[in-house]
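The values are calculated or read from the model by the stated rules, or taken from the named source; none is laboratory data. Keep in mind it's a predicted model, so treat the numbers as computed, not measured. For neighbour counting, all protein chains shown are included, and Cβ atoms are generated from backbone atoms with ideal geometry for every residue, glycine included.
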Amino acid sequence: MAYMIKESNCTGCSACQNECPNNAIFEKNFAFFIDPAKCTECIGFFDKPQCAEICPMPKTCIINPDVPRFAAAV
Amino acid sequence: MEFGTRKAVAELYVMQPSVPGSGKMGCASKSSSGKSSCGSAAGQGDLSSEIWEKVKNHPCYSEEAHHHYARMHVAVAPACNIQCNYCNRKYDCSNESRPGVVSERLTPEQAAKKVLAVASNIPQMTVLGIAGPGDPLANPGKTFKTFELVTKAAPDIKLCLSTNGLMLPDYVDRIQALNIDHVTITINMIDPETGAKIYPWIYYNKKRYEGVEAARILSERQLLGLEMLTARGILCKVNSVMIPGINDHHLADVNRAVKSRGAFLHNIMPLISAPEHGTVFGLAGMRGPTAQELKALQDSCEGEMNMMRHCRQCRADAVGLLGEDRSNEFTTEKVMEMEVNYDLQLRQAYQDDVEKRRTAVVAARNEELKTLVGRDSGISILIAVATKGNGRINQHFGHAKEFQVYEVSTAGAKFVGHRRVDNYCQGGFGEEESLETVLRAINDCVAVFISRIGNCPREGLLRAGIEPVDRFALEYIEQSALAYFREYLERMQSGEIQHIQRGDADIRQGALVTI
């Protein structure tokens, strides 16, 4: 039920953290991570996930395959 | 730590807002020397007194000040809200020098401490800029918090910021309230079709826009922000990246558009597109302009407004004079251990001394200029100069990391640019190649002024048709350039030399290597 950040791509720019409506993004060792328990894929807030909208690196904020999609949990 | 004993040319952004109602851009206003010096940018020139007061100690807004005053950037703003095809945020190594990359990010509190530490150690540091490494206004909390802390602790330091302009209209009031009196906006186009080739997307109002629509929104926001700032009397400089094949011809339109909206200075910079930086333009094999292509564009816009030619395209964490980078002396680790002794009186005394030196430079120049009165040769020459600052020829050929280029004619000596070169004296290997680099960088110059030079490079320069000149060692640059030009004319008349038009020169692209 969440997005995740591909660590090897992360520039550490923090742009996603500023935009996340759920406060789900945190920093560790100059890279950023998404707490899957907090992420709602921006459903209920925006049409598109904000982290992926502003991320400067392509295909870096992506669906986390290890957890079920958020919508399915509703 | 040295206390200002070391001077080098610093890179500064000079920006100047237009003063509403004055509209002064002409050449007739009084200058400090009593002589109109349109376009020379040496001294007050054609700036109104109000603007001159704001920019005279700002190395990034005044070419003349950049020989004497230093600036620093603090990297508190990592996030960005647009994507530019000449920027890649991923790559950063300590040897690399270009906008958009930094080695470490600071919190506002760390940044304020760093500013005090630098101000204590470099008394000629007069300007704090926030320029990224992302966009300051995409990180408004951190940016404005930093300015607030610095204003409280070091009220004499001028504040400036550099932005892509997307969020600028929203923050104009805040900028004014914080007394930020210099703002630089990077404007590469006013035509959205052109913009779509430069900006793949922007993030605005919680949504990603692409293509022409993105460029249209960005352009509207940039021009609106510029108008709002200049209406409030805040000095605005416009930066443009010259991208051959995309906006090189269009930048003349940009120049007119920003001038009409009150920008006081236009800084056209060459595209940096080394493939190893991994930018879209770099990977596509696009080239930057040659030195003469850049100069021709700058010259063509100069009739319209003041042009800035001393920008070194520095990093968002640069410290020192333009052209030098002392950021390694002020890493967070070192700064946190530094004893800070911010002495306003000491700084003022030092800066008073700088003022005396500046006045002497201008006086010497004007004295020399008198010897050319009445002569009209119709020719101009370019001279490369090795300098560590203070307006003097005071650097060994082999120690120069860059050469400043002056255009000299009977009208005067005018700074027209700088050319980066790798250190010629590095480790004693590859000397031949290093000399080749220098020759390519100053190939359009007839002479190079240095304090000293070895026999080997001297002969190499002569073979390339560039005269190495060390007899003006430690003298003032402009005065010496005018004296050389007078002799040049005399040697031409006597038939000793023939004036030939020199070729083009390279703008160096690779990573800056510091030892």
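Of the residues that make up segment B:303-325, is at least one without any contact (Cβ under 8 Å) to a residue 40 or more places away in the chain, out of contact with any helix residue (DSSP H, G or I) (no Cβ under 8 Å at 6 or more places or on another chain) and in the same structural domain as B:Val254 (by TED's automatic domain parsing)?
Taking segment B:303-325 and keeping what is without any contact (Cβ under 8 Å) to a residue 40 or more places away in the chain, we get B:303.
Now drop any that are not out of contact with any helix residue (DSSP H, G or I) (no Cβ under 8 Å at 6 or more places or on another chain), which leaves B:303.
With the extra rule that they be in the same structural domain as B:Val254 (by TED's automatic domain parsing), the set shrinks to B:303.
Yes - at least one qualifying residue is present in segment B:303-325.
Taking strands (runs of 3 or more DSSP E) that fall entirely within segment B:109-213, which contain at least 1 residues that are within 30 Å of B:Gln351 (Cβ to Cβ)? Full working, then the answer.
Working: elements: B:125-130, B:158-163, B:182-186, B:201-204, B:207-210.
In segment B:109-213, the matching strands (runs of 3 or more DSSP E) lie at B:125-130, B:158-163, B:182-186.
Identify all residues within segment A:10-43 that are within 16 Å of A:Pro65 (Cβ to Cβ) and not acidic (Asp, Glu); write none if there are none.
Kept after step one, since they are within 16 Å of A:Pro65 (Cβ to Cβ), are these residues of segment A:10-43: A:33-34, A:36, A:39, A:41.
Matches in segment A:10-43: A:Phe33, A:Ile34, A:Pro36, A:Cys39.
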**Prompt:** Consider B:Ala384 against the criteria (1) modelled with pLDDT of 95 or more; (2) over 24 Å from B:Glu63 (Cα atoms): it satisfies all of them except one. Which criterion is unmet?
**Reply:** (2)
**Request:** Spot the failing condition for A:Asp66; the list is (1) part of a strand (DSSP E or B); (2) more than 11 Å from every other protein chain (Cβ to nearest Cβ), and only one is missed.
**Result:** (1)
**Prompt:** Which condition number does B:Ser97 fail, the rest of (1) modelled with pLDDT of 85 or more; (2) within 28 Å of B:Val354 (Cβ to Cβ); (3) away from chain A (no Cβ under 14 Å) being met?
**Reply:** (1)
**Message:** Given the criteria modelled with pLDDT of 95 or more, of a type in the set (Val, Ile, Thr) and within 18 Å of B:Arg261 (Cα to Cα), does B:Ile198 qualify?
**Reply:** no
**Item:** Sole exception among (1) part of a strand (DSSP E or B); (2) under 17 Å from B:Cys301 (Cβ atoms) for B:Asn247, by number
**Value:** (1)
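Just name the residue that is nearest to the other protein chains (Cβ to nearest Cβ) out of those in segment B:214-241 that are in a strand (DSSP E or B) and among the polar types (S, T, N, Q). Walk me through how you get there before you give the answer.
Taking segment B:214-241 first, the residues in a strand (DSSP E or B) are B:235-241.
With among the polar types (S, T, N, Q) added as a condition, the list becomes B:239-240.
Details: B:Asn239: 20, B:Ser240: 22 Å.
In this case the residue turns out to be B:Asn239.
Outside any loop (DSSP other than H, G, I, E, B), modelled with pLDDT of 85 or more and touching a Ser or Thr at 6+ places or on another chain (Cβ under 9 Å): does that describe B:Ala79? Explain how you work it out, then say what you get.
Numbers: outside any loop (DSSP other than H, G, I, E, B): no; modelled with pLDDT of 85 or more: yes; touching a Ser or Thr at 6+ places or on another chain (Cβ under 9 Å): yes.
The answer is no for B:Ala79.
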**Request:** State the number of residues belonging to segment B:189-213 that are in contact with a Cys (Cβ under 8 Å, 6 or more places away or on another chain) and either within 14 Å of chain A (Cβ to nearest Cβ) or without any contact (Cβ under 8 Å) to a residue 24 or more places away in the chain (or both).
**Result:** 1
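Give me the residue from segment B:434-458 that is in contact with a strand residue (DSSP E or B) (Cβ under 8 Å, 6 or more places away or on another chain) and in a helix (DSSP H, G or I) and, out of that set, nearest to B:Lys295 (Cα to Cα).
Applying the first criterion (in contact with a strand residue (DSSP E or B) (Cβ under 8 Å, 6 or more places away or on another chain)) to segment B:434-458 yields B:438, B:441-442, B:444-450, B:453, B:457-458.
With in a helix (DSSP H, G or I) added as a condition, the list becomes B:438, B:441, B:457-458.
Values: B:Val438: 18, B:Ala441: 14, B:Pro457: 27, B:Arg458: 27 Å.
If we take residues in segment B:434-458 being in contact with a strand residue (DSSP E or B) (Cβ under 8 Å, 6 or more places away or on another chain) and in a helix (DSSP H, G or I), then B:Ala441 is nearest to B:Lys295 (Cα to Cα).
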**Any chance B:Met228 is in the same structural domain as B:Ser62 (by TED's automatic domain parsing) and buried (at least 24 other Cβ atoms within 10 Å of the Cβ)** = no
**Message:** Considering only residues that are modelled with pLDDT under 90 and among the β-branched types (Val, Ile, Thr), which ones fall in segment B:426-461?
**Reply:** B:Thr437
**Complete:** Within segment A:1-51, of all residues that are within 11 Å of chain B (Cβ to nearest Cβ), hydrophobic (A, V, I, L, M, F, W, C) and in a loop (DSSP other than H, G, I, E, B), the one nearest to A:Ile63 (Cα to Cα) is A:Cys42
**Request:** Within segment B:329-336, identify whether any single residue is farther than 24 Å from B:Trp52 by Cα, outside the structural domain of B:Val118 (by TED's automatic domain parsing) and of a type in the set (Phe, Trp, Tyr), and answer yes or no.
**Result:** no
**Asked** Any idea which of B:Arg216, B:Arg174 is closer than 25 Å to A:Ser14 by Cβ, assigned by TED's automatic domain parsing to the domain that holds B:Gly245 and without any contact (Cβ under 8 Å) to a residue 40 or more places away in the chain?
**Response** B:Arg174
**Request:** Give the residue that is nearest to B:Cys87 (Cα to Cα), with candidates limited to residues of segment A:43-72 that are of a type in the set (A, V, I, L, M) and in contact with a strand residue (DSSP E or B) (Cβ under 8 Å, 6 or more places away or on another chain).
**Result:** A:Ile54
**Item:** segment B:231-247: number of residues that are surrounded by fewer than 18 Cβ atoms within 10 Å (Cβ to Cβ) and closer than 12 Å to B:Ile198 by Cβ
**Value:** 1
**Members of segment A:5-26 found to be farther than 20 Å from B:Tyr203 by Cβ and touching a strand residue (DSSP E or B) at 6+ places or on another chain (Cβ under 8 Å), listed by number** = A:Glu7, A:Phe26
